[in-house]
Structures are given as C-alpha cells and as structure tokens.
Amino acid sequence: MRSHGCGDLRQDATGEEVQLCGWVDRSRDHGGVIFIDLRDRSGTVQVTVDPDLGSEAFAVAEHLRNETVIQVAGRVRARPAESINTKLATGGLEVLASAITVLNSVKGNLPFPVSVHDEENTREELRLRHRYLDLRRERMNGNLRLRARTIQAARRFLEDQGFIEVETPVLTRSTPEGARDYLVPSRVCGGEWFALPQSPQLFKQLLMVGGLERYYQVARCFRDEDLRADRQPEFTQLDIEMSFMGQEEILELNEALIAAIWKAARGVELPRPFPRLSWHEAMDRYGTDRPDTRYGLELTNVSDLVAGMGFKVFSGAVAAGGSVKCIAVPGGNEALSNVRIKPGGDVFSEAQAAGAGGLAFIRVREGGEIDTIGAIKDNLSAATKAELLERTGAAPGTLLLFGAGDTATVNKALDRVRQYLARELGMVPPDRENDIWNFLWVVDFPMFEFNAEENRLEALHHPFCAPNAADLGNDPAAWATTLPAARAQAYDLVLNGLELGGGSLRIHDSALQRQVLQTIGLPLEEAERQFGFLIEALDLGAPPHGGLAFGLDRMVMLLAGEESIRDTIAFPKTQQARCLLTQAPAGVAPQQLQDLHVASTWVEPE
C-alpha cells in the first residue's frame, strides 16, 4: 500500500513517484492549493494538492477532516527555500499529489485534537478514555519507542553476558509479606485461590537451584496497593538473578547494564563507578534511603549541641530518645519569609504533612548574628552558636530550619521540606530538561524494621535477603539473638531521588531461612506450609546467588523526562486502579461467580 514512510523521505528521493499512507494531521487551503500534513509512525511530510495537476485528488482533499486515514500517490519535489520547515526532517521537500484515496474517514467529532500542536491542553482522563487517539501523538509514540529501545538494550546486554530469558508463572500462590495480592479463584479446585505475582522472587531463586546460573525476565507484576504517579496495579520489571557472584560483582555488572541502556536510549555516557552510601548515612544526611543528590540542603544532626539548652522543644526531644536536625538554606533569608515557615505557610504545611508539629528557624545575619523568634536565641550560648554555624556552614543570609522529635518523624519531615525547597528555589531543572543523572547505590540496609501496629519485626525488603555474615556470627545457636540487629546484604539503585531498582544476595542455607521466617513472627509450621517448597530446594544443593529488579516503567519515565509512569505505558490504569478505556474492573454475570464458587459481599454505599 505504500512505498515509503512519511518521515523517511529525504532529498535523495526528489523526483521519485511514491505512495504514502497515514493520518491527516492538519489540512490548509492557501488560495486554491491545499496543503496536507500527512503523519504516520515514521514522522510527518507535507502533501501539496494543486487542482491544475490533479482535479480528482483536489476534490477529495477539499473534504478531508483531521485524522482521516488516506493513501497518497505523488511525486517528491523540493520545497521553495522560503517555505522550508526546519523543524521537520522532511521539511525541505513535499509530495505533489496525483491521487488521494480515503481508506477510512472520521465519522464523529474527535474527543480532542490529536495534532501535536494541541496536545498539552487535554485532560488526562480524556486521554486515557480514548488512549488509541493519544497514542498517535508524537510524545506518546516517542515514549513507547523509547521504552522498546530500553528493553532491547537490556536484552542485548544481558544475553551478551550469558543470561537467558525464562518466563515464570503468572498464576501462583499467595504468600505473606509485601503488598496485597490480586487473587484469582480456581474453578476446578473449589474454594482455593491463585495469586498474581508481586514479583518472580521465589521462582527466580528456584531457577538458580536448577542450575541456570544467569536468568533474566521482562516480568509482569501485580500489587493491589494504594497508587501514586509512579505506581500502577500492574507493572513491568526487569528481573535478574545470578549464581556464584558476590555483591561487588553484581553491582559492577548492573552499573554496566544501566550504562548500556542510557547509551542506547539517550546517547549518554554515564560515569562509573556510581557513588555508594550506607543506609544509615543516607538516613542521617538526607532523612531518606532514596536521596536526591543533585543539590545540597543536607540534614545536620545537632542533637548533642541542643540537648542541654533551655529550649524544651529541642532538649525534650533529645531526652525522649529522639533527635534535632536542621537544614541550612543558602539565600533563605531573602527567599523565605516568616509567614511561609509559620503555621498556615507553605513550608510549614509540607513539614506538617509529614507528621511534624512545625519548624523552628534561625536566620543568620551579617557578622554571624542570629535572628529568631521565641526562646531559641535566649538559650543559645555563644559557644553553641559558633559550633552550630561551623557545623552547618551557614554564611550570612542563610536560613536554618529545625525539626525536633522522634527521629523517624524528623527525617520524614525534613526530607519532604528539603525536596520542596529544592523545587521552589530552582535548585533542579524541570524534568523534561533534565540531563542530570545522579545515580547512587544505597547499601547495608537493616534486615528488619519494627511494625508497631503488629508489635513484631518485619523484613525491610523481603525475608529472603541474606544477612551480613559479620553481623550474623558463625554460631547458628546465636542467630535468634544476632539476626534482629543484622545488616542485610541488600542494595538499591537510586536516581535523582527515585528508587530505580533494588535487590540483595539471597539466603541459600535452609536453617538460616527458617530462622529469618521465625524472626518476622512466622511459626515453623506456618513457614513450612507457605515456603516448604523453597526450604526443601535450599537443602538440595542451592548455590550462593543474588539479584535485583529494575522498575521498567519508572526507568522509562526518567529517561523520557515525564512526571508519571502512565505516560510510558500503552494502556495504564488511573490512580483509582481503573482502566477508563475498557471500563475495567466491571461486574460479571452471577453464573460466572457460581462457577468459581464465590459470592460478593460488596454493598454499594449510600
């Protein structure tokens, strides 16, 4: 039906007779000559329809609506110098139409204009409802092509390194820990359920026991959890597992993988090795284990300085086992008024949204003098003030913002304030202009964190991470005591404040795996019921192994400079986990539920 793609024509095609197919992007009538911008997946080219050179083609062109699918036969010619469009690869030529065939017309009103010139003014709900139209746009089309190049680059790199792609089951069993499962009732095994996988974790470990040694998969995963801009109920991850490799080797290999992807997708040469930061240092300096290191505004712990001062908000927090930290904001005196920091202000609201009661502050004036409100100044000795200014590096004009309370809340609040101020003060460029790639490995995570609601320890990543041997000790009888405080041989790759992926070395000793499951409160009998197949496999010659997984949707979002992963997925769900295109989820016939031996207890709210 066509000899060329619309965007593939170049000057060397001048004089050729061609056939093109595509969509009418725009049509313009200039004094009796009609110009059509014809678009297909390769790009756009101008088609000129002159009534003196083709009256039948002109009669068709007069009635063409945008997004009509047409076939054009014509001759390529150079455009006059004054009409060259430098924004298009085909802008130096045009196709003089001799025949136009309408392949399919637009029979109703378009819900929104598809032309790339109008794409910024369309509500996302409308874009998702008519996603097939949205996908025709240059931005979305380009994002999906970028996604394809990203996956292609990953496959090529991994296969060159001896990895093989293996598909793992989508229907599996529900296991504890992690997010909520999506459950699938079994028709042939009444009263029993499959779960859709949150990740291929257990199966990829079994592949290592099976001797494959180097596995990867572009895996579909499912989590029934609350959604954000960078989360979806179904998502894709690049899943990798390997045997007989230590943590350092795994990190080096995956740095090379990321560098290969960025080179293929963006033409960027990434410097290596990536920086490393321990979990404890990340939490201390940034208040988060996903720090954005493109700018400063690091947290400074001043608990020891203020523990004995008369300002009880500070001293009381330290006495209760919490901490006092601060952020030094250069130029903050001029940029941030008291109104913005006090109750009702935007900076105050950011801290409050993270659970803090508020923010204390000090303004550093000329000569190192300080200006503040309340009891801080009266209780700040000259020696403490001098140490505070030295520790924070606060020059005149600096605003010091303080958080005080339990350490987790202080970290969370100041991390949120730090990110907010970086955006407000222009410390990072807008996402679409972002060519700053600050990669960071965060390592040495704790094995466990305390779940206060359930009064038990739970795995910080998952219960299959191997503990650090130095923390564990050589005596299995002592593991019950040493495990709770051990570090995991786990690692996350962070890019510009977002977790790109993570993993760990895995437990390959069945006795240790049982002890970890007991540590998170799983009785031995229940552990055998849930994970007996894995524990049995570990007893039958399991090699040392480890791996990680990268979130492909988030990776492409960052590569494309988008703010939401929905703009990197062909048919995404909304933040309410709904597909607006197909109106899913939806009800089903009563007979289907009966066949599956289930009934709905849902009651429509009044």
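Given the criteria basic (Lys, Arg), in contact (Cβ under 8 Å) with a residue 24 or more places away in the chain and either open to solvent by 10 Å² or more (accessible area, probe 1.4 Å) or under 25 Å from Asp289 (Cβ atoms) (or both), does Arg423 qualify?
Values: basic (Lys, Arg): yes; in contact (Cβ under 8 Å) with a residue 24 or more places away in the chain: no; either open to solvent by 10 Å² or more (accessible area, probe 1.4 Å) or under 25 Å from Asp289 (Cβ atoms) (or both): yes.
Answer is no for this residue.
Filter the range 292-314 down to the residues that are among the aliphatic types (A, V, I, L, M) and at pLDDT 90 or above and list them by number. Spell out how you get there, then give the answer.
The first filter runs over the range 292-314 and keeps only residues among the aliphatic types (A, V, I, L, M), leaving 297, 299, 302, 305-307, 309, 313.
Result: Leu297, Leu299, Val302, Leu305, Val306, Ala307, Val313.
If the condition is being of a type in the set (S, T, N, Q) and without any contact (Cβ under 8 Å) to a residue 60 or more places away in the chain, then the range 60-97 contributes Asn66, Thr68, Ser83, Asn85, Thr86. Residues of the range 553-591 that are more than 18 Å from Arg139 (Cβ to Cβ), among the β-branched types (Val, Ile, Thr) and in contact with a helix residue (DSSP H, G or I) (Cβ under 7 Å, 6 or more places away or on another chain): Thr574 alone.
Scanning the range 131-147 for residues that are under 17 Å from Ile261 (Cα atoms) and either of a type outside the set (D, E, K, R) or without any contact (Cβ under 8 Å) to a residue 40 or more places away in the chain (or both) turns up Gly142, Asn143, Leu144, Arg145, Leu146. Return yes when Val302 is surrounded by fewer than 20 Cβ atoms within 10 Å (Cβ to Cβ), more than 25 Å from Ala560 (Cβ to Cβ), in contact (Cβ under 8 Å) with a residue 40 or more places away in the chain and more than 20 Å from the chain's Cα centre (by Cα) and no when it is not. For Val302, the condition - surrounded by fewer than 20 Cβ atoms within 10 Å (Cβ to Cβ), more than 25 Å from Ala560 (Cβ to Cβ), in contact (Cβ under 8 Å) with a residue 40 or more places away in the chain and more than 20 Å from the chain's Cα centre (by Cα) - is not met. Please indicate, with yes or no, whether at least one residue in the range 544-564 is open to solvent by 80 Å² or more (accessible area, probe 1.4 Å), aliphatic (A, V, I, L, M) and either at pLDDT 95 or above or within 30 Å of the chain's Cα centre (by Cα) (or both). Scanning the range 544-564 turns up no residue that is open to solvent by 80 Å² or more (accessible area, probe 1.4 Å), aliphatic (A, V, I, L, M) and either at pLDDT 95 or above or within 30 Å of the chain's Cα centre (by Cα) (or both). Any chance the range 238-258 includes a residue that's in a helix (DSSP H, G or I), in contact with a strand residue (DSSP E or B) (Cβ under 9 Å, 6 or more places away or on another chain) and open to solvent by 40 Å² or more (accessible area, probe 1.4 Å)? There is at least one residue in the range 238-258 that is in a helix (DSSP H, G or I), in contact with a strand residue (DSSP E or B) (Cβ under 9 Å, 6 or more places away or on another chain) and open to solvent by 40 Å² or more (accessible area, probe 1.4 Å).
Residue under question is Thr582, and the condition is that it be surrounded by fewer than 21 Cβ atoms within 10 Å (Cβ to Cβ), farther than 30 Å from Ala490 by Cα and in contact (Cβ under 8 Å) with a residue 60 or more places away in the chain; does it hold? Lay out the reasoning, then the answer.
Working: surrounded by fewer than 21 Cβ atoms within 10 Å (Cβ to Cβ): yes; farther than 30 Å from Ala490 by Cα: yes; in contact (Cβ under 8 Å) with a residue 60 or more places away in the chain: no.
The answer is no for Thr582.
In the set (1) among the aliphatic types (A, V, I, L, M); (2) over 24 Å from the mean Cα position of the chain (by Cα); (3) surrounded by 13 or more Cβ atoms within 10 Å (Cβ to Cβ), the condition left unmet by Ala452 is number (3). Where helices (runs of 4 or more DSSP H) fall entirely within the range 279-367, those with at least 3 residues that are touching a helix residue (DSSP H, G or I) at 6+ places or on another chain (Cβ under 7 Å) are at 303-306, 312-319, 346-353. Scanning the range 555-593 for residues that are over 22 Å from Tyr132 (Cα atoms) and of a type in the set (D, E, K, R) yields a count of 0.
May I ask you to verify whether Leu524 is of a type in the set (A, V, I, L, M), modelled with pLDDT under 95 and over 16 Å from Arg147 (Cα atoms)? Lay out the reasoning, then the answer.
Numbers: of a type in the set (A, V, I, L, M): yes; modelled with pLDDT under 95: yes; over 16 Å from Arg147 (Cα atoms): yes.
It is true that Leu524 is of a type in the set (A, V, I, L, M), modelled with pLDDT under 95 and over 16 Å from Arg147 (Cα atoms).
Take Val329 and decide whether it is closer than 29 Å to Trp437 by Cβ, open to solvent by less than 50 Å² (accessible area, probe 1.4 Å), hydrophobic (A, V, I, L, M, F, W, C) and modelled with pLDDT of 95 or more. Before you say what the answer is, go through the steps one by one.
Details: closer than 29 Å to Trp437 by Cβ: yes; open to solvent by less than 50 Å² (accessible area, probe 1.4 Å): yes; hydrophobic (A, V, I, L, M, F, W, C): yes; modelled with pLDDT of 95 or more: yes.
The answer is yes for Val329.
Results for (1) in contact with an Asp or Glu (Cβ under 9 Å, 6 or more places away or on another chain); (2) not polar (S, T, N, Q), shown as yes or no for each residue.
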{"residue": "Asp475", "(1), (2)": "no, yes"}
{"residue": "Thr481", "(1), (2)": "no, no"}
{"residue": "Leu493", "(1), (2)": "yes, yes"}
{"residue": "Asn496", "(1), (2)": "yes, no"}
{"residue": "Gln513", "(1), (2)": "no, no"}
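Look at the range 375-394: where a residue is hydroxyl-bearing (Ser, Thr, Tyr) and a partner is open to solvent by less than 80 Å² (accessible area, probe 1.4 Å), sitting 6+ places away or on another chain with Cβ atoms under 7 Å, you get Thr384/Leu305; Thr384/Met309; Thr392/Thr300; Thr392/Cys326; Thr392/Ala328; Thr392/Leu400. Of all residues in the range 472-492, those satisfying the criterion of being open to solvent by 50 Å² or more (accessible area, probe 1.4 Å) and charged (D, E, K, R) are Asp475, Arg487. Among the residues in the range 500-520, are any farther than 16 Å from Phe464 by Cβ and open to solvent by 50 Å² or more (accessible area, probe 1.4 Å)? Within the range 500-520, not a single residue is farther than 16 Å from Phe464 by Cβ and open to solvent by 50 Å² or more (accessible area, probe 1.4 Å). Residue selection: Glu269 fails the criterion of being open to solvent by 50 Å² or more (accessible area, probe 1.4 Å), out of contact with any Leu (no Cβ under 9 Å at 6 or more places or on another chain) and not in a loop (DSSP other than H, G, I, E, B).
Of the strands (runs of 3 or more DSSP E) lying entirely inside the range 148-230, those containing at least 1 residues that are without any contact (Cβ under 8 Å) to a residue 40 or more places away in the chain and surrounded by fewer than 20 Cβ atoms within 10 Å (Cβ to Cβ) span 183-185, 193-195. Could you check how many residues of the range 61-108 are of a type in the set (Ser, Thr, Tyr) and within 28 Å of His130 (Cβ to Cβ)? Residues that pass the stated criteria total 4.
With in contact (Cβ under 8 Å) with a residue 60 or more places away in the chain, among the charged types (D, E, K, R) and touching an Asp or Glu at 6+ places or on another chain (Cβ under 6 Å) as the only criterion, which of Arg272, Arg290, Arg285 stands out? Exactly one of Arg272, Arg290, Arg285 is in contact (Cβ under 8 Å) with a residue 60 or more places away in the chain, among the charged types (D, E, K, R) and touching an Asp or Glu at 6+ places or on another chain (Cβ under 6 Å), namely Arg290. The residue that is modelled with the lowest pLDDT, counting only those in the range 442-473 that are acidic (Asp, Glu) and under 15 Å from Thr519 (Cβ atoms), is Glu454. Among the residues of the range 460-467, is there at least one that is of a type in the set (A, V, I, L, M), surrounded by fewer than 21 Cβ atoms within 10 Å (Cβ to Cβ) and within 25 Å of Gln237 (Cα to Cα)? Within the range 460-467, one or more residues are of a type in the set (A, V, I, L, M), surrounded by fewer than 21 Cβ atoms within 10 Å (Cβ to Cβ) and within 25 Å of Gln237 (Cα to Cα).
The values are calculated or read from the model by the stated rules, or taken from the named source; none is laboratory data. Note that the coordinates shown come from a computational prediction; the quantities given were computed from them, not determined experimentally. Because the Cβ atoms are built from the backbone with ideal geometry, glycine has one as well, and the counts that use them run over all protein chains shown. Remember, those area values only see protein heavy atoms, side chains included, never the ligands or the DNA or RNA. Shrake-Rupley method; radii C 1.70, N 1.55, O 1.52, S 1.80 Å.
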